Amino acid sequence: MPFAIALSGLNAASADLGVTANNVANVNTTGFKMSRAQFAEVFAVGTQSVSTSAAGSGVRLSSIAQQFTQGNIDFTDNALDLAIGGEGFFVISENGARSYTRAGAFGVDNQGYVVNAQGSRLQSYPYAGNGLFNTGTPQDLQLTIGANPPAATTRAAFGINLPANAPPPANPVFDATDPSSFNHTTSVTVYDTLGAAHTATVYFIKDALPNIWNTEVQINGTAVAGATPVVFNPNGTLLSPAGGLMPLAPYTPGTGAADITMSLDFATATQFGDNFGVNSLSQDGFTTGRLTGVSVDAEGVVFARFTNGQSTSLGKLALANFVNPQGLQQLGDTTWGESFQSGDALLGEAGTASFGNVQSGALESSNARRAEE
């Protein structure tokens, strides 16, 4: 009997060493969570036992408790390396079977799906438009592999200052090739519905009456009707056009695209001092874009970035949490499955409720420490 008691201690020590060895072996495993062996005394108790004279019967391994403390965040150069700062797990799926992980080393397969090294697909909430996401059932996250379509220009904004003391031009008959027939000019690139670029040029001509500037507009050297005077208040602020908008007549680009129908926006134009200045120029159209990269923000929103300066939301990462994470079933490959002890998965979004934030271009290192083990 004493030998069996002692043997239980040896077995317990061996189990403890096994847990420690596993922790040490996974010191460099991304997203690994260390475990701790927990033991309980074995004490035989009978109805007629005398507690003051009863001897213990040894020790047993009561459980191997997982320790879900935060690991260090190590930064990388890969936008699809993801780490969670705080609570929660990434949700991954293999043929519909869900599992959960803190290992965020993801890549893209030949179909554009975001996957881990084992081919399990990262889950996200699909984009529903207007900055909203369908947070019902998570779906496989797939990157856009096509071109970003163009958008025609509908408004061009001119943040300019026209000199208050400018005289009318020497030549009263406007001629775009004769600088003596206008005072100042500036241009902006605009786009048609096919993404082709065109140059819109605005000429400013000081009127004989104070605070009035006549305008002429050309696109690709062709006059566009609809230009009206720009009128300022005596304090140099804009009086008209109303609201700063000057609608132009449609321009036919001749590329097979629809007519360009746009307005010029002079809401921020001023008439101060004696110098002409262009403080800002902008327009709302863009050409076709090719995919240049992917980014993920702290809330888990995945964006595709294109060469035309546009970003498209592809989805929002789904995170999961559990009432009792220590009750999760270890599945290997640094993944876990829900169990009766863990409770059902609570799905949500990064930065809300009990979920941490997502760090793109980073990985969570193992929380096991070789020196401590």
**Message:** Tell me yes or no: at least one residue of the stretch 113-131 is over 17 Å from the mean Cα position of the chain (by Cα), farther than 30 Å from G273 by Cα, modelled with pLDDT under 90 and not aromatic (F, W, Y).
**Reply:** no
**Asked** T222 fails exactly one of the following numbered conditions: (1) within 32 Å of the chain's Cα centre (by Cα); (2) in the same structural domain as A170 (by TED's automatic domain parsing); (3) hydroxyl-bearing (S, T, Y). What is the number of that condition?
**Response** (1)
**Item:** Only one of G112, G136, G131 that is closer than 30 Å to A257 by Cβ, exposed (fewer than 13 other Cβ atoms within 10 Å of the Cβ) and touching a strand residue (DSSP E or B) at 6+ places or on another chain (Cβ under 9 Å)
**Value:** G131
**Fill in**
Selection from the stretch 177-198 of residues touching a Gly at 6+ places or on another chain (Cβ under 8 Å) and in a strand (DSSP E or B) yields V190, Y191
**Prompt:** Has the stretch 257-271 got any residue that is at pLDDT below 95, at negative phi and either of a type in the set (G, A, S) or not in a strand (DSSP E or B) (or both)?
**Reply:** no
**Fill in**
When the stretch 1-41 is checked residue by residue, the ones that are of a type in the set (D, E, K, R) and over 11 Å from N367 (Cβ atoms) are D16, R36, E41
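Residues that are among the small types (G, A, S) and more than 30 Å from S14 (Cα to Cα): list the strands (runs of 3 or more DSSP E) wholly contained in the stretch 37-154 that include at least 2 such residues. Before you say what the answer is, go through the steps one by one.
Values: elements: 58-66, 73-75, 82-85, 89-94, 97-101, 121-125, 127-129.
In the stretch 37-154, 82-85, 97-101, 127-129 are the strands (runs of 3 or more DSSP E) which contain 2 or more residues that are among the small types (G, A, S) and more than 30 Å from S14 (Cα to Cα).
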**Request:** Taking the residues in the stretch 242-289 that are farther than 30 Å from T144 by Cα and of a type in the set (D, E) as candidates, determine which candidate is surrounded by the most Cβ atoms within 10 Å (Cβ to Cβ).
**Result:** D265
**Asked** Condition test on S295, is it within 32 Å of the chain's Cα centre (by Cα), modelled with pLDDT of 95 or more and exposed (fewer than 15 other Cβ atoms within 10 Å of the Cβ)?
**Response** no
**Prompt:** So which residues in the stretch 33-86 are more than 21 Å from N23 (Cα to Cα), surrounded by 12 or more Cβ atoms within 10 Å (Cβ to Cβ), modelled with pLDDT under 80 and of a type in the set (G, A, S), if there are any at all?
**Reply:** A54, S57, G58
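Okay, residues lined up against (1) touching a strand residue (DSSP E or B) at 6+ places or on another chain (Cβ under 6 Å); (2) crowded, with 18+ Cβ neighbours inside 10 Å:
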residue: A164; (1), (2): no, no
residue: F182; (1), (2): yes, yes
residue: T185; (1), (2): yes, no
residue: T199; (1), (2): yes, no
residue: D207; (1), (2): yes, no
residue: I212; (1), (2): yes, no
residue: S240; (1), (2): yes, no
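Only one of Y100, Y113 is of a type in the set (F, W, Y) and touching a Phe, Trp or Tyr at 6+ places or on another chain (Cβ under 7 Å); which? Steps first, answer last, please.
Details: Y113 fails: touching a Phe, Trp or Tyr at 6+ places or on another chain (Cβ under 7 Å).
Of Y100, Y113, the one residue that is of a type in the set (F, W, Y) and touching a Phe, Trp or Tyr at 6+ places or on another chain (Cβ under 7 Å) is Y100.
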**Request:** Could you grab me the full set of residues in the stretch 346-373 that are within 24 Å of N26 (Cβ to Cβ), more than 17 Å from the chain's Cα centre (by Cα) and either surrounded by fewer than 20 Cβ atoms within 10 Å (Cβ to Cβ) or not charged (D, E, K, R) (or both)?
**Result:** S365, S366, N367, A368, R369, R370, A371, E372, E373
**Prompt:** buried (at least 16 other Cβ atoms within 10 Å of the Cβ), of a type in the set (K, R) and more than 14 Å from K33 (Cβ to Cβ) - does that describe any residue in the stretch 91-109?
**Reply:** yes
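Tell me the residue from A156, A147, A152 that is surrounded by fewer than 18 Cβ atoms within 10 Å (Cβ to Cβ) and in contact with a Ser or Thr (Cβ under 8 Å, 6 or more places away or on another chain), please. Give the derivation first.
Working: A156 fails: surrounded by fewer than 18 Cβ atoms within 10 Å (Cβ to Cβ); A152 fails: surrounded by fewer than 18 Cβ atoms within 10 Å (Cβ to Cβ).
It is A147.
The values are calculated or read from the model by the stated rules, or taken from the named source; none is laboratory data. Worth saying up front: this structure is predicted, and the values here are computed from it rather than measured. Glycine also receives a Cβ, built like all others from the backbone with ideal geometry; neighbour counts cover every protein chain displayed.
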